[in-house]
Amino acid sequence: MNLYDIYEPGQTPLPHQNDDILALGIDLGTTNSLIALAKDGKVEVICDEFGNSILPSIIHFNDNGDIDHYGKNSVSSIKRFIGKSYEEVKNSNIYNIIDCYEGNPGIKIGSKIYTPVEISAEILKQLKKRAEKALGREVSKVVITVPAYFDDAKRLATKDAALLAGLDVLRLINEPTAAAVAYGLDKKKQGQYLVYDLGGGTFDISLLKMENDIFQVVATGGDSELGGDDFDKLIAEEMLKTIDGLLYKEALRIARKLKEELTDKEKAEYENFTLTREHFASLTKDLVNKTIKLTNKVINDSRLLPNEINGIVLVGGSTRMPVIKEKLKDIFPITIYDDLDPDKIVAEGAAIQAESLIKGSNHLLVDVNPLSIGLEIMGGMVEKIIPRNSTIPASFIQEFTTYQDGQSGMLFHIVQGERELAKDCRSLAKFELKGIPSMKAGIPRIKIKFVIDADGLLTISAWEETSSVRQTIHVQPSYGLPHEVIRTMLFDAISHAEEDLNARKLLEVKSEAERLIYQVNQVKSEIENYLEKDLKEEISLGVDELKRSLELNKQDLISTEMKKFENTIEKLAEKHLELKFSSKLQGIKIEDLEKLSK
Ligand code: ADP
Ligand code: MG
């Protein structure tokens with residue numbers, strides 16, 4: 001179907017005037033992920049059609065192992081696995097983990113195997129789809145955030161996931177940096193800030209230093225096993241003492257709800273269990289104190305005095321808890337930046353960076369290399385070539401020589417980390433410079449050049465000065481998916497689509513319809529009491545007809561029924577949004593998004 005736009009005389013836009021490039025910001029979180037758009041100084045997180053800004057970082061699978069919204073199997077917190085080797089994760093007993101592609105972990109579900117890169121790609125695809133639906137146009141250019149401590153392998157794996165999702169990564173930036181950008185701290189002449197990020201399962205604390213347009217991550221710390229989930233566990237355990245026959249899993253779900261309620265209320269209740277703020281504070285005192293201890297450690301590591309710190313930026317859903325804010329206010333009598341939504345600010349900062357990058361703004365952030373990069377030398381020691389916190393992009397050259405007469409090759413082992421011994425650091429690559437002309441030991445002048453790009457990724461070249469022997473590699477960590485594998489994955493995805501386009505389309509339409517029914521039912525039950533009878537009936541009828549078409553398993557029939565249902569859904573969504581806004585819940589209006597995309 002073609003739509004023709006009609007304009008007032010003289011108002012017709014020039015061809016392509018409106019298709020300026022858009023770039024989005026993505027917070028690919030352990031628990032939740034978000035996608036945001038910045039345009040002309042305004043930044044908004046993009047919601048789904050029901051006003052949800054947060055996408056849980058969970059992928060569902062059916063028993064076969066196919067991705068399926070309603071599948072009983074699920075994979076969550078995949079960010080804990082990204083860029084790690086099989087050896088590092090094999091003992092985590094949550095999933096059935098196997099060794100695939102030489103040292104990489106794969107999660108076996110039904111008859112299928114998924115790498116963490118593929119599962120992360122699935123989350124990114126869902127965010128991409130959400131944005132495209134809301135903006136009514138294709139999007140591909142993004143800035144993705146990663147934790148400040150992510151090493152080369154984890155950054156590269158994140159980029160691979162984006163590639164699989166059909167995204168073009170303009171830049172990877174550090175999560176705390178993105179949060180600081182959202183507050184505009186990068187525009188200040190100078191300052192030192194703590195970024196306190198308490199999410200669902202992780203606690204990250206970073207100290208950022210802003211000076212002459214350079215953001216440095218001076219020190220990082222935290223605990224990868226401390227987050228909102230631990231607060232839930234403590235409440236759940238209390239509940240189990242008072243309520244008989246409650247399953248632990250169910251208790252956890254309710255505990256989370258109570259905890260979140262308690263953020264806005266003095267007490268929260270479930271059956272005969274009452275949780276007051278006071279009780280909650282005493283239950284969780286140790287967890288809160290642990291974050292303070294880790295914060296103090298980072299301040300010590302940075303060698304700054306507490307009074308040299310200009311403020312604390314709060315990030316992550318769990319910083320909403322009053323117990324956190326109160327404690328921080330008590331301990332650190334400095335500005336607390338908490339007026340932006342802590343769930344959204346990382347995605348928002350990423351979006352602001354994305355806009356600067358496509359506009360070629362001169363206000364570009366300079367980041368730093370998160371972990372030192374070095375070479376293994378005699379005795380398994382590490383010689384640091386690019387120190388931690390060097391500003392990037394940058395390049396470094398180091399000179400070596402041979403230690404044997406007539407030595408024709410030299411082996412380099414590149415590692416990343418702060419430890420003294422190579423075996424304690426992360427191995428990034430091994431490569432050999434061959435064909436060195438025969439000379440006495442100590443005569444050849446072998447130079448090795450490290451180029452680190454703005455994403456913190458490395459390219460290395462080595463050559464012998466007096467001859468033309470030369471070798472260059474783009475560092476592919478010693479494990480991590482080989483580029484060939486990524487290419488095959490992409491190719492498979494494409495060829496599969498060509499081979500079996502119709503079956504695929506049917507599956508897609510079916511899952512879209514099923515998702516729609518599920519969401520409609522959910523929203524309907526949420527606002528049941530506010531719906532007029534006519535609309536209720538219209539919805540039931542639509543759902544029934546859509547279900548019938550699903551049983552018949554015909555793609556065009558399902559599409560037709562969905563189309564017919566659109567009008568009703570729109571009414572439902574409108575009502576839902578209206579109620580959401582009147583009850584001051586968060587969300588962004590569809591119309592606002594349209595304005596943004598214009
Ligand atoms: P991540 O960065 O790990 O993906 P988020 O920053 O999205 O995680 O934080 C998720 C956590 O925030 C969950 O534990 C959730 O219960 C908690 N959370 C969200 N909203 C609230 C609230 N209103 N009060 C307390 N905790 C909240
Ligand atoms: Mg986060």
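The values are calculated or read from the model by the stated rules, or taken from the named source; none is laboratory data. Just so it is clear, the structure is predicted and the values come from calculations on it, not from any experiment. Every residue, glycine among them, receives a Cβ derived from its backbone with ideal geometry; neighbour counts consider all protein chains shown. Remember, those area values only see protein heavy atoms, side chains included, never the ligands or the DNA or RNA. Shrake-Rupley method; radii C 1.70, N 1.55, O 1.52, S 1.80 Å.
Taken over region 537-584, residues that are hydroxyl-bearing (Ser, Thr, Tyr) and modelled with pLDDT under 90 amount to 2.
Among the conditions (1) of a type in the set (A, V, I, L, M, F, W, C); (2) within 16 Å of ligand 1 (Cβ to nearest atom); (3) more than 20 Å from the chain's Cα centre (by Cα); (4) open to solvent by less than 40 Å² (accessible area, probe 1.4 Å), Val313 misses just one, which is (3). Within region 508-524, being over 15 Å from Gln555 (Cα atoms) and among the β-branched types (Val, Ile, Thr) holds for Ile517, Val520, Val523.
So how many residues does region 62-72 have that are surrounded by 17 or more Cβ atoms within 10 Å (Cβ to Cβ) and either touching a residue at least 12 places away in the same chain (Cβ under 8 Å) or of a type in the set (S, T, N, Q) (or both)? Explain how you work it out, then say what you get.
Here is the first cut: in region 62-72, the residues surrounded by 17 or more Cβ atoms within 10 Å (Cβ to Cβ) are 65, 67-68, 71.
With the extra rule that they be either touching a residue at least 12 places away in the same chain (Cβ under 8 Å) or of a type in the set (S, T, N, Q) (or both), the set shrinks to 65, 67-68.
Total satisfying the criteria: 3.
Give region 118-134 a look and list any residue that's touching a residue at least 60 places away in the same chain (Cβ under 8 Å) and open to solvent by 10 Å² or more (accessible area, probe 1.4 Å), or say none. Even if it seems obvious, please write down each step before you answer.
Pass one, region 118-134, residues touching a residue at least 60 places away in the same chain (Cβ under 8 Å): 118-120, 122-124, 126-128, 130-131, 133-134.
Within region 118-134, Glu118, Glu122, Gln126, Lys128, Arg130, Lys133, Ala134 qualify.
Among the candidates Ile324, Ile292, Ile334, the residue that is surrounded by 14 or more Cβ atoms within 10 Å (Cβ to Cβ), at pLDDT 95 or above, within 29 Å of Val146 (Cβ to Cβ) and more than 15 Å from ligand 1 (Cβ to nearest atom) is uniquely Ile292. Given the options Leu226, Leu185, Leu172, name the one that is farther than 21 Å from Leu28 by Cα and either hydrophobic (A, V, I, L, M, F, W, C) or in contact (Cβ under 8 Å) with a residue 40 or more places away in the chain (or both). Criteria check complete, one pass: Leu185.
The residues of region 73-102 that are more than 24 Å from Asp27 (Cβ to Cβ), part of a strand (DSSP E or B) and open to solvent by 30 Å² or more (accessible area, probe 1.4 Å), listed by number, are Asn73, Ile98, Asp99. Scanning region 180-199 for residues that are within 18 Å of Thr295 (Cα to Cα), under 21 Å from the mean Cα position of the chain (by Cα) and not β-branched (Val, Ile, Thr) yields Ala180, Leu194, Tyr196, Asp197, Leu198, Gly199. Sort out for me the strands (runs of 3 or more DSSP E) sitting completely within region 379-440 that have 2 or more residues that are open to solvent by 20 Å² or more (accessible area, probe 1.4 Å) and within 30 Å of Gly221 (Cα to Cα). In region 379-440, the matching strands (runs of 3 or more DSSP E) lie at 381-386, 394-400, 426-433.
Taking the criterion of being of a type outside the set (S, T, N, Q) and within 16 Å of ligand 2 (Cβ to nearest atom), the residues of region 315-336 that qualify are Val315, Gly316, Gly317, Arg320, Met321, Ile324.
Does region 507-562 hold any residues that are outside any helix (DSSP H, G or I) and open to solvent by less than 100 Å² (accessible area, probe 1.4 Å), and which are they? Residues satisfying the conditions are Ile527, Leu531, Asn553.
Taking region 177-220 as the search range and keeping residues that are among the aliphatic types (A, V, I, L, M) and open to solvent by 30 Å² or more (accessible area, probe 1.4 Å), which one is farthest from ligand 1 (Cβ to nearest atom)?
Filtering region 177-220 down to residues among the aliphatic types (A, V, I, L, M) leaves 178-182, 185, 194-195, 198, 205, 207-208, 210, 214, 217-219.
Checking the rest, the ones that are also open to solvent by 30 Å² or more (accessible area, probe 1.4 Å) come to 214, 218.
Working: Ile214: 26, Val218: 22 Å.
Selected residue: Ile214.
Is it true that Thr158 is assigned to a strand (DSSP E or B), β-branched (Val, Ile, Thr), buried (at least 19 other Cβ atoms within 10 Å of the Cβ) and out of contact with any Pro (no Cβ under 7 Å at 6 or more places or on another chain)? No, not satisfied.
Out of all the residues in region 32-52, which are within 15 Å of ligand 1 (Cβ to nearest atom), open to solvent by 20 Å² or more (accessible area, probe 1.4 Å) and at pLDDT 95 or above? Once the filter is applied, which keeps residues that are within 15 Å of ligand 1 (Cβ to nearest atom), open to solvent by 20 Å² or more (accessible area, probe 1.4 Å) and at pLDDT 95 or above, region 32-52 yields only Asn32. For Lys265, the requirement of being within 14 Å of ligand 1 (Cβ to nearest atom), open to solvent by 60 Å² or more (accessible area, probe 1.4 Å) and over 30 Å from Phe81 (Cα atoms) is met. Within region 315-326, residues that are within 11 Å of Gly200 (Cα to Cα) reach partners that are outside any helix (DSSP H, G or I) and more than 10 Å from ligand 2 (Cβ to nearest atom) with beta carbons closer than 9 Å, at six or more positions or on different chains, in the pairs Gly316/Tyr196; Gly316/Phe203; Gly317/Ile54; Ser318/Phe203; Thr319/Tyr196; Thr319/Asp338. Inside region 234-262, can you point out the residues that are open to solvent by 60 Å² or more (accessible area, probe 1.4 Å) and within 11 Å of ligand 1 (Cβ to nearest atom)? Arg253, Arg256, Lys257, Glu260, listed by residue number.
As a summary of the residue check, Tyr149 satisfies the conditions (1) buried (at least 22 other Cβ atoms within 10 Å of the Cβ); (2) closer than 24 Å to Val315 by Cα except for the one numbered (1). The numbered conditions (1) within 16 Å of ligand 2 (Cβ to nearest atom); (2) farther than 30 Å from Asn64 by Cα are all true for Leu124 except (2). Of all residues in region 246-293, those satisfying the criterion of being hydrophobic (A, V, I, L, M, F, W, C), farther than 11 Å from Ala236 by Cα and in contact with a Phe, Trp or Tyr (Cβ under 7 Å, 6 or more places away or on another chain) are Leu262, Leu287.
Considering the conditions (1) more than 32 Å from the chain's Cα centre (by Cα); (2) without any contact (Cβ under 8 Å) to a residue 12 or more places away in the chain, Thr242 is excluded by exactly one of them, (2).
When Thr284 is tested against (1) under 13 Å from Glu326 (Cβ atoms); (2) surrounded by fewer than 16 Cβ atoms within 10 Å (Cβ to Cβ), just one condition goes unmet, and that condition is (2). Ser77 - would you say it is modelled with pLDDT under 95, within 16 Å of ligand 2 (Cβ to nearest atom) and of a type outside the set (Asp, Glu)? Yes; evaluated as a whole, the condition is true for this residue. Scoring Thr276 on the criteria (1) polar (S, T, N, Q); (2) more than 16 Å from ligand 2 (Cβ to nearest atom); (3) under 27 Å from Thr177 (Cβ atoms); (4) open to solvent by less than 60 Å² (accessible area, probe 1.4 Å) leaves a single failure, condition (3).
Does Ile59 satisfy the condition of being within 16 Å of ligand 1 (Cβ to nearest atom), modelled with pLDDT of 95 or more and open to solvent by 40 Å² or more (accessible area, probe 1.4 Å)? Let's see the steps before the verdict.
Numbers: within 16 Å of ligand 1 (Cβ to nearest atom): yes; modelled with pLDDT of 95 or more: yes; open to solvent by 40 Å² or more (accessible area, probe 1.4 Å): no.
No, not satisfied.
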